[in-house]
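Visitor: A single structure is presented below for examination.
The values are calculated or read from the model by the stated rules, or taken from the named source; none is laboratory data. Since we're looking at a predicted model, the values are computed, not measured. No Cβ is skipped: glycine too gets one built from the backbone with ideal geometry, and neighbour counts run over all protein chains shown.
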Amino acid sequence: MKKKITFINYVLIFCLLMIMFYQLIFHGSTLPISKILTTTSILPIIMVPYLLDKIFHYQMKEGTQLAYYVFILISLALGSILGLYHKISWFDLLAHFLTGIVSSLAALIILEKVGLLKEERVGFIFFFMLLLGLAVSSCWEFFEFFSDKIFDGDTQFVKSTGVDDTMEDMLIAFLGSILFSGYTCIKMKKDHAYIKKIKKLI
């Protein structure tokens, strides 16, 4: 199973690189600078698991890497670079829903790293997972806001929706975080071995 997941991760990395090169080679001359920066951001994003290992000595497990690369493929490569956010009405909400889940998963990794992923701290774990989910979705909206101001864009669709798009994005991300965090913490309370299972995965 481990070898299969590792192989899938390499396939996902290859797909991400191919999407980046395709966009730059065939559309690079007509892309605005903001789109070029978004496209080339694939390179440092792909290297995150490697950098976490080298800088923080955290070796991301294969399953966690799989979730990470699938998320990047959907949210960045397909959504932003290939433009599915504009072509499929619900794709943006899907990406933000996944953001809430991935952010809560990152919270579990942080808690495990600092030794706070314990059964007797389930209430704190739930709160921290939600808090990080909200923080990540907020920071993303901050990024989009400043990006629009600097590059004169409209990634938040302020011109057509006002603040509706921003609030919908944050609410759907929060929903993803609540569902994932709630399910995880309920399982922790019911199954005493569940935390051990989580630690093996992350």
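Visitor: When residues of region 184-194 are filtered for being touching a helix residue (DSSP H, G or I) at 6+ places or on another chain (Cβ under 6 Å) and either without any contact (Cβ under 8 Å) to a residue 24 or more places away in the chain or of a type in the set (Val, Ile, Thr) (or both), how many remain?
Guide: Number satisfying all stated conditions: 2.
Visitor: Residue check: is SER138 modelled with pLDDT under 95, assigned to a helix (DSSP H, G or I), closer than 18 Å to SER80 by Cβ and hydroxyl-bearing (Ser, Thr, Tyr)?
Guide: no
Visitor: Against the condition of a type in the set (A, V, I, L, M, F, W, C) and within 21 Å of LEU82 (Cβ to Cβ), how does ILE42 come out, does it pass?
Guide: For ILE42, the condition - of a type in the set (A, V, I, L, M, F, W, C) and within 21 Å of LEU82 (Cβ to Cβ) - is met.
Visitor: Name the residue, out of TYR68, TYR58, that is out of contact with any Ser or Thr (no Cβ under 7 Å at 6 or more places or on another chain) and in a helix (DSSP H, G or I).
Guide: Values: TYR58 fails: in a helix (DSSP H, G or I).
One residue alone meets the criteria, TYR68.
So that you can scan it fast, the table gives a plain yes or no per residue for (1) closer than 28 Å to SER181 by Cβ; (2) outside the structural domain of LYS199 (by TED's automatic domain parsing):
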site: VAL11; (1), (2): no, yes
site: ILE72; (1), (2): yes, yes
site: LEU76; (1), (2): yes, yes
site: HIS96; (1), (2): yes, no
site: LYS113; (1), (2): yes, no
site: LEU116; (1), (2): yes, no
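Visitor: Report yes if SER147 is closer than 24 Å to LEU17 by Cα, assigned by TED's automatic domain parsing to the domain that holds ILE186, out of contact with any strand residue (DSSP E or B) (no Cβ under 6 Å at 6 or more places or on another chain) and at pLDDT 90 or above, otherwise no. Before you say what the answer is, go through the steps one by one.
Guide: Working: closer than 24 Å to LEU17 by Cα: yes; assigned by TED's automatic domain parsing to the domain that holds ILE186: yes; out of contact with any strand residue (DSSP E or B) (no Cβ under 6 Å at 6 or more places or on another chain): yes; at pLDDT 90 or above: no.
Against the criterion (closer than 24 Å to LEU17 by Cα, assigned by TED's automatic domain parsing to the domain that holds ILE186, out of contact with any strand residue (DSSP E or B) (no Cβ under 6 Å at 6 or more places or on another chain) and at pLDDT 90 or above), SER147 does not qualify.
Visitor: I'd like to verify a number: residues in region 1-54 that are within 14 Å of ILE72 (Cβ to Cβ) and touching an Asp or Glu at 6+ places or on another chain (Cβ under 7 Å), how many?
Guide: 1
Visitor: Give the residue that is modelled with the lowest pLDDT, with candidates limited to residues of region 150-202 that are farther than 21 Å from PHE71 by Cβ and aromatic (Phe, Trp, Tyr).
Guide: Applying the filter and picking the extreme gives PHE157.
Visitor: Looking at region 14-31, is at least one residue surrounded by fewer than 18 Cβ atoms within 10 Å (Cβ to Cβ), outside the structural domain of ASP152 (by TED's automatic domain parsing) and within 20 Å of SER137 (Cα to Cα)?
Guide: no
Visitor: Which residue out of THR99, THR64 is touching a residue at least 40 places away in the same chain (Cβ under 8 Å), of a type in the set (S, T, N, Q) and touching a Gly at 6+ places or on another chain (Cβ under 9 Å)?
Guide: Only one candidate qualifies: THR99.
Visitor: Would region 88-108 turn up any residue that is of a type in the set (Asp, Glu) and surrounded by 17 or more Cβ atoms within 10 Å (Cβ to Cβ)?
Guide: Yes, region 88-108 has at least one match.
Visitor: Okay, moving on. Does region 114-124 contain at least one residue that is closer than 26 Å to SER41 by Cα and either modelled with pLDDT of 90 or more or not in a helix (DSSP H, G or I) (or both)?
Guide: no
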